[in-house]
Amino acid sequence: QLSQEERYFLSSLKARGVSVPQIAKSLGRAPSTMYRELHRNERPNQDRYTPLEAHSYATARRRRERRGSHYPPECWNRIFELLDLQWSPEQIASYLANSGQFSISFQTIYRHIRKDRRRGGKLFQNLRIMPKRRRKRYGSDDSRGILRGKRNISERSATINDRLEFGHWEANTVLGKDRHHCVLTLVERMTGVARLAKLPNRTASYAAAAIAKIISTEPGRFKTITFDNGTEFHSYKKLEAAFPVTCYFANPHHPWERGSNENFNGLLRQYIPKGHSLDYIGERKLNAICERLNDRPRKRLSFRSPQEVFNGLS
């Protein structure tokens with residue numbers, strides 16, 4: 001099964017004329033997986049692949065295939081009998097397996113109890129406690145939101161740091177009131193020109209897909225991207241595999257290391273104030289805001305606009 005992010009990469013690379021085996025290699029997938037994806041999810045009779053439609057087709061198929069339980073009613077009735085004895089799901093699963101009746105995971109029993117509780121059922125009342133779903137991390141470092149092996153900003157060359165070369169970008173996201181909808185901002189370090197994209201959720205799949213779409217429409221203009229440490233940028237390796245771009249990450253809580261991007265986000269807040277929902281902002285309005293900011297004169301560019309400098313270099 002391909003992720004939505006991989007479907008965006010497949011679409012953008014296919015549009016650029018990259019062969020299916022090459023796409024499969026860049027994504028670390030088998031060529032047969034790519035051919036099967038295209039065969040199953042291309043728009044019927046049009047030989048056209050759209051990632052959003054393909055993902056909806058695949059999701060609908062999975063939903064149809066998973067409608068029923070893997071266990072017949074008599075198995076669940078036996079589990080309910082043991083729950084009435086106040087046995088824990090782990091005790092029930094071990095007893096059923098050891099007695100040769102049938103095999104079931106205690107996590108599956110817990111999932112069924114949680115689902116029953118959401119529907120107003122009373123199965124959970126047979127349990128002494130209802131454990132939390134998150135795992136415990138006794139004696140270990142908290143690794144949530146931390147991605148190992150990221151390329152640190154200290155590895156960037158002096159050419160990038162001193163803004164002596166075109167094609168080096170910084171990226172971040174600007175959140176709305178509901179903490180879900182957000183705007184992806186990409187700012188080129190030398191010229192200050194920006195690119196914006198609306199994200200329905202601040203997730204790695206949506207962010208990588210949006211960046212891939214921007215890069216694919218502007219080939220040759222992206223050499224490096226420097227991200228902050230948000231988890232929405234954890235799929236950077238997919239970008240590096242699909243495009244000739246190198247990704248770096250700033251140090252945690254060091255926003256000045258992405259000064260161009262932070263400055264632009266401050267300008268963007270003039271049009272998207274904090275505490276406002278981003279639901280109402282569509283692609284057309286976002287493009288208008290981006291165009292207005294790209295045409296605004298900047299002091300560091302001798303009061304030329306970023307777009308003017310960008311057009312002269314690209």
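The values are calculated or read from the model by the stated rules, or taken from the named source; none is laboratory data. This one's a predicted model, so the numbers in the text were calculated from it and none came from an experiment. All Cβ positions, glycine included, derive from the backbone under ideal geometry; neighbour counts span all protein chains shown. Remember, those area values only see protein heavy atoms, side chains included, never the ligands or the DNA or RNA. Shrake-Rupley method; radii C 1.70, N 1.55, O 1.52, S 1.80 Å.
Summary table
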read-out	value
Single residue of region 276-298 satisfying the filter (modelled with pLDDT under 90 and aliphatic (A, V, I, L, M)) that is surrounded by the most Cβ atoms within 10 Å (Cβ to Cβ)	LEU278
Region 139-166 residues that are closer than 25 Å to ARG189 by Cα and surrounded by 10 or more Cβ atoms within 10 Å (Cβ to Cβ), paired with ones that are modelled with pLDDT under 90 and aliphatic (A, V, I, L, M) (beta carbon under 7 Å, 6 or more apart)	PHE166/LEU313
In region 12-22, residue modelled with the lowest pLDDT [restricted to those that are under 15 Å from ALA209 (Cβ atoms) and open to solvent by less than 30 Å² (accessible area, probe 1.4 Å)]	SER12
From SER88, SER32, SER56, SER69, residue being at pLDDT 90 or above, surrounded by fewer than 16 Cβ atoms within 10 Å (Cβ to Cβ) and of a type in the set (Gly, Ala, Ser)	SER32
Only listed residue being free of Cβ contacts under 8 Å to residues at least 60 places away in the same chain and under 34 Å from the mean Cα position of the chain (by Cα), chosen from SER26, SER19	SER19
Candidate set: region 189-214, residues that are part of a helix (DSSP H, G or I) and open to solvent by less than 10 Å² (accessible area, probe 1.4 Å); chosen: the one farthest from SER12 (Cα to Cα)	ALA207
Region 78-95 residues that are of a type outside the set (Val, Ile, Thr), paired with ones that are not in a helix (DSSP H, G or I) (beta carbon under 6 Å, 6 or more apart)	ALA93/ILE104
Test: residue in region 299-310 that is hydrophobic (A, V, I, L, M, F, W, C), surrounded by 13 or more Cβ atoms within 10 Å (Cβ to Cβ) and touching a His at 6+ places or on another chain (Cβ under 9 Å)	no
Answer residue from region 100-128, given it is of a type in the set (S, T, N, Q) and open to solvent by 60 Å² or more (accessible area, probe 1.4 Å) and is farthest from the chain's Cα centre (by Cα) among those	GLN101
Filter result for the condition that a residue is in contact (Cβ under 8 Å) with a residue 60 or more places away in the chain and more than 30 Å from ALA24 (Cα to Cα), over ALA209, ALA194	ALA194
Residue within region 256-275 that is open to solvent by 20 Å² or more (accessible area, probe 1.4 Å), among the aromatic types (Phe, Trp, Tyr), part of a loop (DSSP other than H, G, I, E, B) and at pLDDT below 90 present	no
Residue check for LEU38: at pLDDT below 90, open to solvent by less than 40 Å² (accessible area, probe 1.4 Å), touching a helix residue (DSSP H, G or I) at 6+ places or on another chain (Cβ under 6 Å) and under 30 Å from PRO244 (Cα atoms)	no
